[in-house]
Amino acid sequence: MELDIEKLVSRIIKEGSLKEEENDLSETKKASADSSYLAVGESGVFKTVAEAVKAAKIAQNKYFHTSLKMRKKIIQAVRDQLLPEVKDIARRGYEETNMGNLKDKIEKNRLAITNTPGLEDLKISSQVITGDSGMTLYELCPYGVIGAITPSTNPTETIINNAIGMLAAGNSIYFSPHPGAKNSSIWLIKKLNEIVSKVSGIENLIVMIEKPSIQAAQEMMTNPDINLLVVTGGPGVVGQAMRSGKKVLGAGAGNPPVLVDETADIEKAAADIVNGASFDNNLPCIAEKNVVVVNEVAADLLKNMEKNGSFVVSNSQDIEKIKKLTVTEKHTPNKKYVGKSAEKILTDAGVIYTGHPRLVLIEADKNSPFAQIEMLMPVVPFIRVEDFDVALQTCLELEHGLHHTAIMHSQNVSRLNEAAKEMQTSIFVKNGPSYAGIGFGGEGPTTYTIATPTGEGTTSARNFARVRRCVLTNGFSIR
Ligand code: NAD
């Protein structure tokens, strides 16, 4: 028989180049065979909490025994394959929750895909100490299975952001999304699993159940195979997680004030505040929720905010109408209007307006419910005070000690410094819109999980890893 040399050479070359990938895959493929949980097309989605956690535990074990190179490949594949679909991802979250606006949701998802740190984030905290007694190594290692609870206000963007960071740190993830964002979350989890399993052969690194509920979230919190809870939501769920007895990264509510003093560039401050406070209809926890301005520049700021698309409400009857519509008797925001547009709120309140405002500014004082409550809608109080000292005190009161976010517009460096120090917020933005604090038009990585009560602040891969110390005595010091 004649040998087809060309075919043979091409086969050898092909086999050689595939070998590396096959090595990466072989260990995981073997173990994947026992994954009886996976129905075709149902990747990562289970009926019960117990089944989902079990599958995620098996998956994490396989993942832990692959290489760092494989982790990088997975994360790159997630970025590469989600980015072309960013509009569809955003649309799904937007249509299902019926909150926010599509244009901004696309930007939020794009940021999560492109600007969430991956494995590079782990290097920062790795450390080696050498000396006469030997060598000690600190490295960031996976927790195991992370239970991640995500909010309705940033549904898909939080899943993407958490998934990239948690996978980078070597974990698998059980997601507990808000029931109101169930379908877009199921779609995304399946998509993520498809991407991950294609690259690595590992199924169910990211899981959820088909009917997420508060009860199921609580069941997950107490499952012994969940090693860390990362909770993004309001005070109720963060408190609940803290009572579980597990380690919690709690990313809770905020009520970010923006302080404007008489030295500020008023035109820029006005544009930045309107942009930040109307972004995704004020759904982000970091969005400006109170404007506190010193009297001297208040009129100028108001005029410029109107120019930038704000509708100012100063007569008490109209204020009452908006209050009746948006604030419940229990002193909470009316959920029906959370994340709705300024126009919808004005129309439903029966307030006559002109043009197409994107923000409603209410002339108010610090005791107004619009100031005290985290409204999560583009209705923001405009509070005038006599000077910088009172402004800072007012901002401190309105932030309620949540350690979340504050913003300030000023050209006075000492005051900027003083306010940043006194506010003690996880994010402090100077002379920019609030979203500059999560890497949109500001330096730094993106996060949708700002761990406020537990103090980690803007979270990334390094927060989803445990620090381990590895000691070798009498060796590897070559000085
Ligand atoms: P939410 O608290 O109603 O729900 C958040 C998640 O927790 C959902 O998945 C929900 O199903 C679950 N949940 C709620 N109560 C629970 C309980 N008792 N036990 C178990 N699970 C429970 O919040 P939301 O309306 O979806 O999101 C808005 C809130 O989240 C705002 O307060 C906002 O400030 C906050 N948030 C914070 C951050 C941050 O990084 N700090 C980011 C986004 C949103």
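The values are calculated or read from the model by the stated rules, or taken from the named source; none is laboratory data. Predicted model only: the values in this text are computed from it and were never measured. Using ideal geometry, Cβ is built from the backbone for each residue, glycine included, and neighbour counts are taken over all protein chains shown. Ligands, DNA and RNA are excluded from the accessible area calculation, which covers all protein heavy atoms including side chains. Shrake-Rupley method; radii C 1.70, N 1.55, O 1.52, S 1.80 Å.
Can you figure out the FRET efficiency of PHE476 with SER126, using R₀ = 25 Å and their beta-carbon distance, to the nearest 0.05?
Once rounded, the FRET efficiency stands at 0.95.
For the range 324-479, what proportion of DSSP beta bridges, expressed in % and rounded to the nearest 5, is antiparallel?
Taking every DSSP beta bridge within the range 324-479, about 25 percent pair in antiparallel fashion.
What's the extension gain from LYS336 to LYS268 if we count 0.36 nm per residue and subtract their Cα-Cα distance?
Using 0.36 nm per residue and subtracting the Cα-Cα distance, I get 21.2 nm.
Given +1 on the Cβ of Lys and Arg, -1 on the Cβ of Asp and Glu, and no further charges, what dipole in debye does the chain carry about its Cα centre, rounded to the nearest 20?
1380
Using the heavy atoms of the protein chains alone and a 1.4 angstrom probe, what is the accessible area of the range 222-287 per residue in square angstrom?
29
Between ARG466 and HIS356, what is the label-point separation in nm under the 7 Å Cα-to-beta-carbon projection?
Modelled inter-label distance: 5.3 nm.
Mind checking the per residue accessible area of the range 98-192 for me, 1.4 Å probe, whole number of Å²?
30
In Å, what is the Rg of the alpha-carbon atoms in the range 301-373, and how long is Dmax?
Expressed in Å, the Cα Rg and Dmax of the range 301-373 come to 11.9, 35.
Ignoring everything but the protein chains, give the 1.4 Å probe accessible area of ILE124 in square angstrom, nearest 10.
Accessible area, nearest 10 Å²: 110 Å².
Filter the cross-link list LYS182/LYS246; LYS289/LYS336; LYS54/LYS108 down to pairs whose alpha-carbon distance in this structure exceeds 28 Å.
Table pairs above 28 Å Cα-Cα are LYS54/LYS108.
Provide, in order from the shortest bin, the percent of all Cα-Cα pairs of the chain in each 20 Å bin, continuing until the bin that contains the maximum pair distance.
With 20 Å bins starting at 0, P(r) equals 23, 48, 23, 5, 0.
How fast does the range 317-416 diffuse by Stokes-Einstein, in µm²/s, taking the Kirkwood radius from C-alpha pairs at 20 °C and 1.002 mPa s?
144
Rolling a 1.4 angstrom probe over the protein heavy atoms, how many square angstrom per residue are accessible across the range 307-361?
Per residue, the range 307-361 has 59 Å² of solvent-accessible surface.
R0 = 25 Å: FRET efficiency of THR347 with GLN218, Cβ-based, nearest 0.05?
E between THR347 and GLN218, to the nearest 0.05, is 0.05.
Report, in degrees rounded to the nearest 10, the 0 to 90 angle that the Cα long axis of helix 295-307 makes with the longest principal axis of the chain.
Computed tilt is about 70 degrees.
With a 1.4 Å probe and all protein chains left in place, how much of the accessible area of the chain comes from carbon and sulfur atoms, in whole percent?
Ligands and nucleic acids excluded, carbon and sulfur reach 51 percent.
Write out the trypsin sites (Lys or Arg not before Pro) in the range 300-403 meeting two conditions: DSSP loop, and at most 13 other Cβ atoms within 10 Å of their Cβ.
Sites meeting the loop and neighbour criteria: LYS330.
Dividing the alpha-carbon radius of gyration of the range 339-474 by 2.2 N^0.38 Å (N being the number of residues), what value is obtained?
My calculation over the Cα atoms of the range 339-474 gives 1.36.
Taking 25 °C and 0.890 mPa s as the conditions, I'd like the Stokes-Einstein D for the range 102-235 in µm²/s, using the Kirkwood hydrodynamic radius from alpha carbon pairs.
Result for D is 152 µm²/s.
So for the chain: antiparallel DSSP bridges make up what percent, rounded to the nearest 5?
30
May I ask you to compute the full-extension gain from ALA299 to GLN393, defined as 0.36 nm times their residue separation minus their alpha-carbon distance, rounded to one decimal in nm?
31.7 nm
I need to check one value: relative contact order of the chain, counting alpha carbon pairs closer than 8 Å and at least 6 residues apart, in percent.
Reported as a whole number, the value is 20 percent.
What is the range 245-359's relative contact order, in percent, from Cα pairs under 8 angstrom and six or more apart in sequence?
For the range 245-359, the relative contact order is 27 percent.
Calculate the FRET efficiency for CYS141 and ALA420 from the Cβ-Cβ distance with a Förster distance of 25 Å, rounded to the nearest 0.05.
0.15
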